[in-house]
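Let me begin by presenting the structure, written as structure tokens, before commenting on it.
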Amino acid sequence: MMTDTVLAPELQPIAAKVMAGERITDEECLLLFEKGSLGFVGSLANTIRERLHGDKVFFNRNFHIEPTNVCVFSCNFCSYSRIYAHKEDGWELSIEQMLDMVKKYDGQPVTEVHIVGGVHPKMDLVFFAELLKKIKAHRPDLHIKAFTAVEYDYMFRKAKMSVEEGLQFLISAGLDSIPGGGAEIFHPEIREKICADKVNGEGWLNIHETAHRMGLHSNATILYGHIESYAHRVDHMRRLRELQDRTGGFNTFIPLKFRNKDNDMSAVPESSPVEDMRMYAIARIYLDNFPHLKAYWPMLGRQQAQLSLSFGVDDIDGTIDDTTKIYSMAGAEELNPAMSTADLVNLIRQVNRIPVERDTLYNELKNYGNEVIAESLS
Ligand code: V47
Ligand code: SF4
């Protein structure tokens, strides 16, 4: 319970609004970043989270395919990409190699493949359409969540197609939804310093808006905790909230904590766990039209992912099965991210929440309630 005695007077109307289910303004959001204690914002965010989802925590069974780490762009925070001119230490997978990765899951109950990578000049729209077609032909029920707006912007421009034409081409090949990467910080003041050469904020938002209007759902991210100010975070979330008001096409918001290993921004310190939890909580409070808030556990680590479930988060992504390198190369907590379903279920139960397996679009596939999982813990 929040009492008037411990609460700065300017924060009281915000608490009242949240309790009444009303939207907070941009100025109020900034005030929360500047003055809201962890306990204050956490308690409000948890109220919203429980109003929306009760004790449920969603996860899915998924794996990643990263077609290449060769990239024409040079984002300063990226520890993953290898520039095209020095691609000896990069990888480039063929369609057959990627199809073999899909075949590895034959007979296993995965529901989603997440495909994302660097922007390779030779992997074009036709190449990726071919990949999607082959995956769908092999496993029609597997949901394909593929390519960030950064990859789309490049491949559509190269193919001389509009965003609509390009998306239609890939939807016909099997594309089901769009992940949230590439958003970083939309505001040009920061974007020009950390990722000047890739699609700008307006371009990213336009691709997602067009996708929503064509019936696709997507996610949105923010890369926070580096050189941006709180005002830049609010600006970023404002643009997303406005777009969501127009389309309703976003499923989930995913704050991504900047990790500083082996990149051009290594001198920038990483944010503290308190700041990370405040970021989740304030996002939950401000983005009242986003149904879900996700903590990406490979980046945060398992224990902080558990903690985030008390700060507004209701989703912790999926099993992943050690199929991503993006975060481990940037110094994330999990070097070889993989969790069995039993691991995920038990991780959620340990913090007294109810594990629910979902598909990509948040249809509930199984509510684990208190059921004992036979699979061993690893
Ligand atoms: O856009 C790159 C981030 C993103 C670093 O939609 C970094 O379900 C921190 O968006 N420190 C790609 N972050 C990954 C992504 C994602 C991940 C999981 C689920 C979903 C989803 C989307 O990775 C990039 C960038 O913001 N990133 N380098 C770094 N050093
Ligand atoms: Fe390329 Fe993405 Fe890395 Fe930027 S973040 S350099 S676009 S792989």
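The values are calculated or read from the model by the stated rules, or taken from the named source; none is laboratory data. Not measured: the values here are computed from a predicted model. All Cβ positions, glycine included, derive from the backbone under ideal geometry; neighbour counts span all protein chains shown.
Assuming ALA173 fulfils every condition listed in (1) touching a strand residue (DSSP E or B) at 6+ places or on another chain (Cβ under 7 Å); (2) away from ligand 1 (no atom under 16 Å from the Cβ) apart from one, which condition is it?
(1)
Hey, GLY215 hits all of (1) within 16 Å of ligand 2 (Cβ to nearest atom); (2) farther than 28 Å from ASP55 by Cβ but one; which does it fall short on?
(1)
Name the residue that is surrounded by the fewest Cβ atoms within 10 Å (Cβ to Cβ), counting only residues in region 31-81 that are modelled with pLDDT of 95 or more and basic (Lys, Arg).
ARG51
Condition test on LYS134, is it more than 20 Å from ASP317 (Cα to Cα) and free of Cβ contacts under 8 Å to residues at least 24 places away in the same chain?
In short, no.
Could you list all residues from region 249-267 that are of a type outside the set (Ser, Thr, Tyr) and under 17 Å from the mean Cα position of the chain (by Cα)?
Listed by number, the residues that qualify are GLY249, PHE250, ASN251, PHE253, ILE254, PRO255, LEU256, LYS257, PHE258, ARG259.
I'd like the residue in region 49-79 that is away from ligand 1 (no atom under 16 Å from the Cβ) and more than 20 Å from the chain's Cα centre (by Cα) and, out of all such residues, is nearest to ALA305 (Cα to Cα).
Filtering first and then ranking leaves ASP55.
Tally the residues that are closer than 16 Å to GLY203 by Cβ and over 24 Å from the mean Cα position of the chain (by Cα), restricting the search to region 166-175.
0
All but one of (1) within 14 Å of ligand 2 (Cβ to nearest atom); (2) in contact (Cβ under 8 Å) with a residue 40 or more places away in the chain hold for ASP176; state the number of the condition that does not hold.
Tallying (1) within 14 Å of ligand 2 (Cβ to nearest atom); (2) in contact (Cβ under 8 Å) with a residue 40 or more places away in the chain, ASP176 fails exactly one: (1).
Look through PHE186, PHE127, PHE156 and report the one residue that is free of Cβ contacts under 8 Å to residues at least 40 places away in the same chain and either closer than 30 Å to SER266 by Cβ or within 16 Å of ligand 2 (Cβ to nearest atom) (or both). Quick ask: steps written out before the conclusion?
Working: PHE186 fails: free of Cβ contacts under 8 Å to residues at least 40 places away in the same chain; PHE127 fails: either closer than 30 Å to SER266 by Cβ or within 16 Å of ligand 2 (Cβ to nearest atom) (or both).
Residue meeting the stated conditions: PHE156.
Would you confirm whether any residue within region 101-109 is within 13 Å of ligand 2 (Cβ to nearest atom), of a type in the set (A, V, I, L, M) and either in a strand (DSSP E or B) or modelled with pLDDT of 95 or more (or both)? Before the answer, list the steps.
Keep residues of region 101-109 that are within 13 Å of ligand 2 (Cβ to nearest atom), which gives none.
Within region 101-109 (the criterion being within 13 Å of ligand 2 (Cβ to nearest atom), of a type in the set (A, V, I, L, M) and either in a strand (DSSP E or B) or modelled with pLDDT of 95 or more (or both)), the answer is no, since none of the residues qualifies.
Which of the numbered conditions does LYS145 fail, given that it passes all the others? Conditions: (1) within 16 Å of ligand 1 (Cβ to nearest atom); (2) in a helix (DSSP H, G or I).
Of everything listed in (1) within 16 Å of ligand 1 (Cβ to nearest atom); (2) in a helix (DSSP H, G or I), LYS145 misses just condition (2).
Please specify each residue of region 289-308 satisfying the condition of being outside any helix (DSSP H, G or I), surrounded by fewer than 24 Cβ atoms within 10 Å (Cβ to Cβ), at pLDDT 95 or above and not aromatic (Phe, Trp, Tyr).
Within region 289-308, ASN289, PRO291, HIS292 meet the criteria.
Could you pull out the residue among HIS120, HIS114, HIS64 that is part of a strand (DSSP E or B), closer than 30 Å to GLU228 by Cα and within 14 Å of ligand 2 (Cβ to nearest atom)?
Only one candidate qualifies: HIS64.
Hey, can you tell me all the residues within region 330-352 that are at pLDDT 90 or above and either acidic (Asp, Glu) or farther than 16 Å from TRP297 by Cα (or both)?
ASN352 - this is the single residue of region 330-352 that is at pLDDT 90 or above and either acidic (Asp, Glu) or farther than 16 Å from TRP297 by Cα (or both).
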